[in-house]
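A quick write-up on the structure given underneath.
The values are calculated or read from the model by the stated rules, or taken from the named source; none is laboratory data. What you see is a predicted model, and the numbers here were worked out from it, not measured in a lab. Heads up, the Cβs are rebuilt from the backbone with ideal geometry, glycines too, and the neighbour counts pull from every protein chain shown.
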Amino acid sequence: MNLKNLLETTITRLEPFCDTPQLDAQVLIAHIIQKPRSWVMAHPEFSLTTEQKEQLNDSLMRLERGESFPYVLGKWEFFGLDFDITNDVLIPRPETELLVEKAIAWLQASPERRTVADVGTGSGAIATSIAMHVEDARILATDISLGALKVAQHNARKFHVHHRIDFLQCDLLPQPIANLPTDSHFDLICANLPYIPTQTLQRLPIYGREPTLALDGGADGLEIYRRLFKLAPEWLAPRGMMLLEIESTLGVQALSLAYDSFSDVSIHLHQDLTGRDRLLEITFR
């Protein structure tokens, strides 16, 4: 069976549970034969090996059982980089690129500011992306999940920035400060923590398909941020900043929590490209 016929068969199998079956079929086959998607489209006469056909069938069976497409691929693009992922971590999403853009812009505008904490690093997408664009940044990436940390470490090595990122398994930030493997204060704290309210999460298609530990934000979606807000002041350097991704429906509540938690700060709520509340920026004076 040549690629033309194989694509048609793959599209048919993907259609019942996929919004873009043609694109996903092309991407999946390109991944398996390790060629660009454009190459797949330009070579309809090409035939897969028996091993490649078996890999394609196994991948389709995983998708038919409800596994997410990025996990089947084992990688996903974020901020122009191809991150390797497993089901120990969330799939990187374009909304989070807003946090990375703001972090890089702030660091580049403040050359004396170079210590960063990425709290709840997951795949390491935030920490690695910042390290790739701010070459003298020194970053601590934390996560409560050892499996997630291993993925983050792998990605840092993949992009050759591992020597500038320390990885630490802990709940939010380490205790006490003496155990910190890098500078004792951070100029910038970034966090994309679990922020979906528990009852809301249980009704979403994502529930059970990505790690609940990385999604469940407690009763109101802000439980983990309350705990971070109690820890943050002792970790931030003078005039430091926090960048926090939030649930798009919780902008007002997140703002209120920040104002209640801190004094002498400047707080801004940023919207993502769809116009939804997405990023809380807190600058300490």
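Only one entry in S59, S47, S68 is surrounded by 17 or more Cβ atoms within 10 Å (Cβ to Cβ), among the hydroxyl-bearing types (S, T, Y) and in contact with a Leu (Cβ under 9 Å, 6 or more places away or on another chain), namely S59. Just to verify a result, which residue in segment 231-272, among those that are without any contact (Cβ under 8 Å) to a residue 40 or more places away in the chain and of a type in the set (A, V, I, L, M), is nearest to G217 (Cα to Cα)? Looking at the filtered set, the residue picked out is A254.
For segment 224-248, the set of residues classified as part of a strand (DSSP E or B) and either within 20 Å of the chain's Cα centre (by Cα) or within 15 Å of E281 (Cα to Cα) (or both) consists of L236, R239, G240, M241, M242, L243, L244, E245, listed by residue number. The set of residues in segment 235-249 that are over 20 Å from V100 (Cα atoms) and either of a type in the set (V, I, T) or touching a Pro at 6+ places or on another chain (Cβ under 9 Å) (or both) contains only T249. Do we have I206 as among the β-branched types (V, I, T), within 18 Å of the chain's Cα centre (by Cα), under 19 Å from E95 (Cα atoms) and surrounded by fewer than 19 Cβ atoms within 10 Å (Cβ to Cβ) here? In short, yes. Restricting segment 1-57 to residues that are acidic (D, E) and assigned to a helix (DSSP H, G or I) leaves a set whose member that is farthest from Y71 (Cα to Cα) is E8.
Only one of the listed residues (E51, E45, E67) is out of contact with any Asp or Glu (no Cβ under 6 Å at 6 or more places or on another chain), acidic (D, E) and either assigned by TED's automatic domain parsing to the domain that holds G208 or under 27 Å from A156 (Cα atoms) (or both). That residue is E67.
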